Ligand code: ATP
Ligand code: MG
């Protein structure tokens, strides 16, 4: 059999990993060294030469986008269809298992996936029911607690109710949360994994046997980011004859905050006997300049397994840094650079703008829109997260399952139909008391005539509306149902009343949803012809699961916007890493803990190594974010890069005008202190952006000013002591 096409494009170490006998294998290697390529070729190799059936392969990737790409590559390499093959994310695969075996898993057949917003809403409701004050018990903290337990494989019944009131309340709420999910037939992301682990481990040993016999070879990409429960899942599946191939890079572990365990890499050999480790050292992705920059940053981390990474590629253009005047200027600069890049005959989707926090995207988006540059966002305020879309989906969900309380809460009075808080409270109260869903409670309340006529009519109106929609939708296809829902619900009309662009764009989005369902249906029928899940349920799951990876308008050539986290595993010829400022990146949350700081640095390494040809760092000397204006110092990550590797881009004029064009490269890296005219506190001699020394707190940067004279207050971001407000007259500040 001629298999040279599988090996031709590989180096020796890669070839060794691809052709290794059936055994446990760990490929540990730096960014861009071909790990994912090896994984794909290995699948093809096993099918072609070892005679493994595509059915016997289970491949886990990090994003749905990566999974789709993987399928495409395998089909291309082998000229076969990958239909029966299980390729997906941990969540996606767990979901597939649960849909197929919902009964064994103890779920309702129409269970719905809750995204993190739904989850938070439910938790808020439970807090109210338990009379918890949300300043003392912030719902987000409870959400974090619940998710962290699930990631460790723990249910409320496993947790001790200690004497500590904090712990006890958390556990009580976790239990109430579990019960509410059970009643409503809803499962959150963590539950997908936990439930499917329990399904195989505890509930259905025969199923476990079945899948163990079926999956002979399990492959995991981005292994460094598997958490405890995912690892347990892998161990459960791969006991006995099954073999595992894991590929990963300890320097790219960026999900520690979500329970990912880098130690899984180290302990792999203990749990999977005979694991052979292969290292790849040649980088094929980036120019010398980019790779040197990445290495310069990551070498500041301790605790590395240590790897050499080299390339025999071109030196390439130097990495550039642009210090913008403010965030508008930063966005403007990026759009200018991209426009030039396009003019040189490149494609838009070969460029990516990366940021640390979702909130940074808005200004970038606006600049792109102003210049008419199509763009696409992965993650963040994504299509399925938009208010109007979530409302429409909630109607669809309620049609699929009347007991979906989260959906009911969301739209019972959207658009407004005279159902007040009083009525809602009554419904909640009854639901809780009787242990039934809100839908049932609402029905009972109207039957029992417990409400004043007006409120009762309003509620009855809503119940009739949903029932009528249900009847009408019955014979319709998915996209027709969607069309029905957005019109009959009154959502379109509701947004028509909204003024300006906003309402218009919401209507366009709703219309886009109809298109999205139509596209989904045809894709679903192609890929999953053998499964008998309802199309609507599948679509709703997909919308919740897709994590913004696929937007409805995915076909046009557009600039790619995403957080650094969601850029993992991807590559782009042109990359912008934005907001390179202390406090933003590294994120202020990570400043205190050395472990977190190292994780931020790995994130920086991930960002840099996405770039193939050209990398820009940008920062804003003054930035308005979350409604606050801040002056930040350049990120320490920038300062960790030797000056010789970075070329600073400066405006080609003496006066900085945010909207002027014409930038000029210089080899200097002066971080001249900006001379701010506004916000200075007169005679106190303190101004924004000034470096000062405090006798106790040490050196810091003035980031905020209030008032004037000796009573003026300043906020200083101290290098070691964090940010503090001080009164200028007392603070004994020394200018540096
Ligand atoms: P990451 O750590 O970022 O996930 P990776 O190790 O998975 O990176 P790949 O994405 O598999 O790396 O490969 C990086 C790039 O190098 C890809 O464009 C890939 O096609 C290319 N590449 C990998 N190996 C070779 C090779 N032997 N010859 C030519 N190109 C290669
Ligand atoms: Mg990869």
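The values are calculated or read from the model by the stated rules, or taken from the named source; none is laboratory data. Only a predicted model underlies this, so the values are computations on that prediction, with no experimental measurement involved. When we count neighbours, we look across all protein chains shown, and the Cβ atoms used for this are built from the backbone with ideal geometry, even at glycine.
Scan the stretch 9-29 for residues that are in a loop (DSSP other than H, G, I, E, B) and within 9 Å of ligand 1 (Cβ to nearest atom) and jot them down. Selection gives 9, 10, 11. Within the stretch 319-329, restricting attention to residues that are touching a helix residue (DSSP H, G or I) at 6+ places or on another chain (Cβ under 8 Å) and modelled with pLDDT under 95, the residue that is surrounded by the fewest Cβ atoms within 10 Å (Cβ to Cβ) is 328. Among the residues of the stretch 34-45, is any more than 16 Å from ligand 2 (Cβ to nearest atom), within 27 Å of the chain's Cα centre (by Cα), within 27 Å of residue 252 (Cβ to Cβ) and in a loop (DSSP other than H, G, I, E, B)? No; the residues of the stretch 34-45 include none that is more than 16 Å from ligand 2 (Cβ to nearest atom), within 27 Å of the chain's Cα centre (by Cα), within 27 Å of residue 252 (Cβ to Cβ) and in a loop (DSSP other than H, G, I, E, B).
Within the stretch 576-599, the set of residues being modelled with pLDDT of 95 or more and outside any loop (DSSP other than H, G, I, E, B) comprises 576, 577, 581. In the set (1) modelled with pLDDT of 75 or more; (2) surrounded by 19 or more Cβ atoms within 10 Å (Cβ to Cβ); (3) in a loop (DSSP other than H, G, I, E, B), residue 550 fails one condition alone, (1). Taking the criterion of being within 13 Å of ligand 1 (Cβ to nearest atom) and on the phi > 0 side of the Ramachandran plot, the residues of the stretch 30-67 that qualify are 32, 34. Where helices (runs of 4 or more DSSP H) fall entirely within the stretch 164-219, those with at least 2 residues that are touching a helix residue (DSSP H, G or I) at 6+ places or on another chain (Cβ under 8 Å) and free of Cβ contacts under 8 Å to residues at least 24 places away in the same chain are at 165-184. As a summary of the residue check, residue 52 satisfies the conditions (1) in contact with a strand residue (DSSP E or B) (Cβ under 8 Å, 6 or more places away or on another chain); (2) outside any loop (DSSP other than H, G, I, E, B) except for the one numbered (2). Residues in the stretch 218-236 that are at pLDDT below 95, more than 16 Å from ligand 2 (Cβ to nearest atom) and in contact with a strand residue (DSSP E or B) (Cβ under 6 Å, 6 or more places away or on another chain): 227 only. Each residue in the stretch 237-252 was checked for being away from ligand 2 (no atom under 13 Å from the Cβ), at negative phi and not in a strand (DSSP E or B), and 6 pass. All conditions in (1) more than 16 Å from ligand 2 (Cβ to nearest atom); (2) at pLDDT 90 or above; (3) in a loop (DSSP other than H, G, I, E, B) hold for residue 75, with the sole exception of (3). Residue 210 falls short on exactly one of the conditions (1) more than 26 Å from the chain's Cα centre (by Cα); (2) within 16 Å of ligand 1 (Cβ to nearest atom), and that condition is (2).
Residue pairs whose Cβ atoms lie under 6 Å apart, separated by 6 or more positions or on different chains, with the first residue in the stretch 1-12 and on the phi > 0 side of the Ramachandran plot and in contact (Cβ under 8 Å) with a residue 40 or more places away in the chain and the second assigned to a helix (DSSP H, G or I) and within 16 Å of ligand 2 (Cβ to nearest atom), do not occur.
Set side by side, the residues 182, 191, 198 differ, and just one is within 29 Å of residue 56 (Cβ to Cβ), surrounded by fewer than 22 Cβ atoms within 10 Å (Cβ to Cβ) and more than 16 Å from ligand 1 (Cβ to nearest atom), which is 198.
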